[in-house]
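J.: Handing you a structure now.
Just so you know, all these numbers are worked out from the coordinates, no wet-lab data involved. Just so it is clear, the structure is predicted and the values come from calculations on it, not from any experiment. Here the Cβ positions follow ideal geometry from the backbone for every residue, glycine too, while neighbour counts run over all protein chains shown.
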Amino acid sequence: MPTIKSAEDLKDELSALAERIALESYSVKLDFSTESVKDVERILSAFHNEYNRTKDESGLQGIALEFAAYIVKVIESNFQRGFWSRDHRTFGPDTFPYAWQNTEIFPFGWCLKRIIDGPQDDVWSKFQALVLNKANGAA
């Protein structure tokens, strides 16, 4: 029976898919800098526009998960590592919490909400508030 890989085990593979989408579809080379999350925001905005036009949700969870993995890798490339898991004890299965600096954040939820709900769920704003401010001691 095949083993189910954890979110932590899939992180590199999923992030590579996000990098490929960014480069091949948007001519954006993601570089794991904190500023590259602005590029992720622009790409997710384009996915939102397409979703708004078609109302087709197929594949959106996968795209959100790939860009969430990229955001997790940005955090780990620039700050201390955390642990990414698939399920949350309170919020349930497939919520992909990231335990980092004594808190839990939900980059998958950020990305999915950005695609579906639009600019009011800007991932760059969430990244600034929940990652950059905390990393810089403001939270």
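J.: So what's the back-of-envelope 222 nm ellipticity for the chain, counting only DSSP H runs of four-plus at -39500 (n - 2.57) apiece and dividing by all residues, rounded to 500?
T.: On the way: 5 runs with 74 residues, N = 139.
Roughly -17500 deg cm²/dmol at 222 nm, from the helical runs in the chain.
J.: What is the chain by shape, rounded, prolate or oblate, if you read a ≥ b ≥ c off the alpha carbon gyration tensor as root eigenvalues and call it rounded for a/c under 1.5, prolate for a/b larger than b/c, and oblate otherwise?
T.: rounded
J.: Right, something else. Between Lys29 and Thr103, what is the FRET efficiency for a Förster distance of 41 Å, r being their Cβ-Cβ separation, to the nearest 0.05?
T.: 0.85
J.: Oh, and also: Contour minus end-to-end for Glu57 and Asp94, with contour as 0.36 nm per residue of separation and end-to-end as the Cα-Cα distance? Mind showing how you got there, number by number?
T.: Numbers: separation 37, 0.36 × 37 = 13.32 nm, distance 1.66 nm.
Full extension of this stretch gives 11.7 nm more.
J.: Another question, if that's okay. Quick one: length gained pulling Glu50 to Glu76 fully straight, 0.36 nm per residue minus the C-alpha distance?
T.: Computed gain between Glu50 and Glu76 is 6.3 nm.
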